Amino acid sequence: MRAEECTMTERNVAGIEYEQMLLSRYTIAQHPSRARLDRSVYLLLSRIDGEGPMSIGELSAAFQLDASTLQRQTTGAVQAGLLERVLDPAGGLARKLALTPLGRDRLAESKDQSVDALTRILADWSTTDVNTLAELLRRFNVSIEEYRDAHAGA
């Protein structure tokens with residue numbers, strides 16, 4: 001690789017790091033008059049919604065967080081009426097966490113608000129650009145998960 005290509009690659013990667021940092025700190029517009037879901041609760045509810053009831057151990061593996069951290073987060077969501085502890089549908093011994101009707105409604109409301117805000121934010125983008133961004137973000141997240149899984153024990 002030529003020196004100029006290396007510098008460009010480093011600059012691009014540094015630029016991606018900066019933009020990813022900015023993206024991670026933004027909460028896509030949720031209506032300020034409504035009680036907004038905490039980011040960690042939103043992530044928990046989204047994961048459980050997508051995968052079905054999950055145990056603390058399964059959530060710990062999925063998020064690569066200590067079980068004690070997830071216990072605190074899920075306890076708050078249970079107390080708020082967003083999650084409930086249920087028997088394992090597969091017959092296992094561990095209790096699992098499932099969305100309550102309130103949790104499902106609050107998650108749907110938050111997603112709808114985010115999609116509405118993104119629709120407005122991207123209104124002047126071409127369909128091609130929106131589709132390209134969606135595909136690149138999906139690939140980026142898959143690469144992050146692959147990297148994270150490969151380096152989990154390191």
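Stretched out fully, how many nm does the piece from residue 137 to residue 43 gain, at 0.36 nm a residue minus the Cα gap?
Length difference between fully extended and current span is 32.2 nm.
Given Cα pairs under 8 Å that are at least 6 residues apart, what percent is the relative contact order of the chain? All intermediate terms of the calculation are to be shown ahead of the outcome.
On the way: 101 pairs, mean separation 34.6, N = 154.
22 percent.
Could you state the accessible area per residue of the chain in Å², with a 1.4 Å probe and every protein chain left in place? Walk me through the intermediate numbers first.
Working: 10830 Å² over 154 residues.
It amounts to 70 Å² per residue over the chain.
So what is the orientation-averaged projected area of the chain, using the convex hull of its C-alpha atoms, in nm²?
Details: hull surface 50.9 nm².
With every direction weighted equally, the projected area is 12.7 nm².
Across region 12-25, in residue order, what do the Karplus-derived ³J(HN,Hα) couplings come to in whole Hz, using 6.51 cos²θ - 1.76 cosθ + 1.60 with θ = phi - 60° and x for Gly and Pro?
Rounded to whole hertz, the list is 5, 5, 5, x, 5, 4, 5, 5, 5, 4, 4, 4, 5, 8.
Accessible area of residue 40, 1.4 Å probe, to the nearest 10 Å²?
For residue 40, the solvent-accessible surface is approximately 30 Å².
Report, in debye and to the nearest 20, how large the dipole of the chain comes out about its Cα centre when Lys and Arg carry +1 and Asp and Glu carry -1 on their Cβ.
560
Compute the relative contact order of region 55-112 as a whole-number percentage, counting only Cα pairs closer than 8 Å that sit 6 or more residues apart in sequence.
Once normalised by length, the contact order is 27 percent.
List the pair-distance distribution P(r) of region 82-134, using every Cα-Cα distance, as the percent of pairs falling in each 10 Å bin from 0 up to the bin containing the longest distance, rounded to whole percents.
22, 27, 21, 19, 11, 0
With a 10 Å radius around each residue's Cβ, average the other Cβ atoms per peptide and rank 127-139, 68-80, highest first.
68-80, 127-139
Using the Kirkwood radius built from alpha carbon pairs, what does the Stokes-Einstein equation give as D for region 46-90 at 25 °C and 0.890 mPa s, in µm² per second?
The calculation lands on 225 µm²/s.
The values are calculated or read from the model by the stated rules, or taken from the named source; none is laboratory data. For clarity, every value in this text was computed on a predicted model and none was experimentally measured. Ideal geometry is used to build each Cβ from the backbone, glycine not excepted, and the neighbour counts take in all protein chains shown. Accessible surface is based on the protein model in full, side chains and every heavy atom, while ligands, DNA and RNA are left aside. Shrake-Rupley method; radii C 1.70, N 1.55, O 1.52, S 1.80 Å.
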